[in-house]
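Here's the structure we're looking at; comments come further down.
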Amino acid sequence: MIKSTKHKDEPAAVYEVPLKSKSEKPNLDGDRLNLFLLIILYTIQGFPIGVSTALPLILQSKKMVTYEDQAAFSMALWPYSIKLLWAPIIDALYISSIGRRKSWLLPLQLLLGVAFFYMSINMDNWLPETGRPNLTMIVRMIFVINFLSATQDIAVDGWSLTVLKKKNVSYASVCPSIGVPIGMFSGSVCFTLLVSEEFSVKHLGTIPGAGGIMTMKSFFSIWAIIILVVTVFIGLFKNEKHKLEDGHKKISVFQNYKLLWDILKLPRVRVLTIALLTIKMGSTATESVTNLKLIDAGIPKDDIMMTTSVMYVMKFVFPIFVCKYVTSSTPMSYHLKMTPIRLIWGIVFSVLVYYTPSLIFKDGHISIPLYYYLLLGTATLVNEMLSLFLMLTLLAFFCKISDPRFGGTYMTLYNTFYFLGWLIPNTFVLKLIDILTFRKCTNNVENTCYTDNLKNLCIVDGGTCGIYVDGYYVSVAICTAIGFIWYFTFRNILKNYQLVDLYHWMVHSKNLSSNGEVNEPCIMSPA
């Protein structure tokens, strides 16, 4: 049942559920296979994300794409940012005889497996060893697999609430933190290194010309088979419980969208939305473009991926050491304390990028000394740990201000705005770098090399198009300035928001019982 209630701060509709009974002590007996299944499903979800981060590095290493092309590629990640638009549909429409989540999960993963089979057949043609890659087809297919993966995430997140026993639901949050990084590691680091001939020759002693340990065709085919086998297993052997989460009444698509709209009408949520959409602008240039610039400077993509693999190990361990800050009652205070340090470190990282060519070139050849790897590893480690700390404290803040009755909706909403706050500036900065990079021909200063014709004319005349203003460093300066503006604008606002009573983030009217407790209406099946 839906009731309309009003309050001077938060007018909204109310969805009712029964009060939860006293929770039992968690015990995984009988749930271990379900937990393992969730980890596998989240691993499948993480794999397309990993592939999406690896392909830009591979494309950049071939020296056949521009930063404008990279901006177009970044748009393939947009499904994760806008999945909230169709999440209510996934939540409301299903076939009861199959199951609320399996109705979507089975066809989505079948299509995902087929998509990877299609990529395995065509990727060698789309991404040849020589010649310009077919960027249009690559972007389209990456967009498709990300759309399927993002939609699968909606279904898996919902299923995690019922596939485990009620007393073990808290373990559901552990599954994505294990599965998604494993999938991302497989799709990025393993994919890049296993298909790299240079890595195989340099580190595994294979014969030059034999290619990598695996081809793209075999790598994508193996993952397609894994996805299809898991899907068939779920379809044949795993039954979905025929009950609604926590006794919730089935809500229509319209009511789901109305709930989102009611949440967005809350004044504090509107301000928080603006903050989240701009929160990553200060560090976008450093996070999104630095690896591409290092490849341009001469660092092999395989070396960057090996550094990335070490970062994954550190990411698994790092949360243990910052747990007390993340779980504190004021996580945003720690977030805001580290924000200026993160912005300043971005400048430090860009300085390292600037001096990289002079540090790795010797007698006209690339010769990377050990101390450079130590510098790069240290800079990357600090950068990654700062970014991870900021993300963990922000997620803790989301948990603190999310209405537990609709926690999935609140968290999806906040995470969507946070991801958009990374993706929109990412696409913008890649285009900005291309616009702000100025070149001129070495033997004709009047030739700006602005178009392909001018570049070809310069080469025909025996010259080269050299950069005299690098848009990367200009973008870093602009982003850092915007980052500090964001910091001073939202610092006090977000500090105060974490101290506001949870009631003010909830969609209901302010009715108090005689003992001063809030009467919290819920989603409840009629008696």
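For W422, the accessible area of its heavy atoms, probed at 1.4 Å with every protein chain present, is near 60 square angstrom.
Taking the inverse of the average 1/r across all pairs of different Cα atoms in segment 22-135, what Kirkwood radius in Å do you get?
After inverting the mean inverse Cα-Cα distance, the result is 17.7 Å.
Remark: segment 303-453 carries 49 Å² of accessible area per residue (probe radius 1.4 Å; ligands, DNA and RNA excluded). Prolate is the label for segment 294-431. Its Cα gyration tensor axes, ordered a ≥ b ≥ c, give a/c of at least 1.5 and a/b above b/c. Restricting the calculation to alpha carbons of segment 280-367 gives Rg and Dmax of 16.6, 57 angstrom. Mean separation of Cα pairs under 8 Å and 6 or more residues apart, divided by the residue count, gives segment 264-369 a relative contact order of 37 percent.
Expressed per residue, the C-alpha convex hull volume of segment 94-133 stands at 57 Å³. Among the protein heavy atoms of segment 50-202, carbon and sulfur supply 68% of the accessible surface, probe 1.4 Å, non-protein parts ignored. With every protein chain in place and a 1.4 angstrom probe, the accessible-area ranking of H504, H203, H365, H335, largest first, reads H365, H203, H504, H335.
Overall shape: oblate for segment 356-457, with the ratio a/c of the largest to smallest alpha carbon gyration tensor axis at 1.5 or above and b/c at least equal to a/b.
The values are calculated or read from the model by the stated rules, or taken from the named source; none is laboratory data. This one's a predicted model, so the numbers in the text were calculated from it and none came from an experiment. All accessible areas refer to the heavy atoms of the entire protein, side chains included, with ligands and DNA or RNA removed. Shrake-Rupley method; radii C 1.70, N 1.55, O 1.52, S 1.80 Å.
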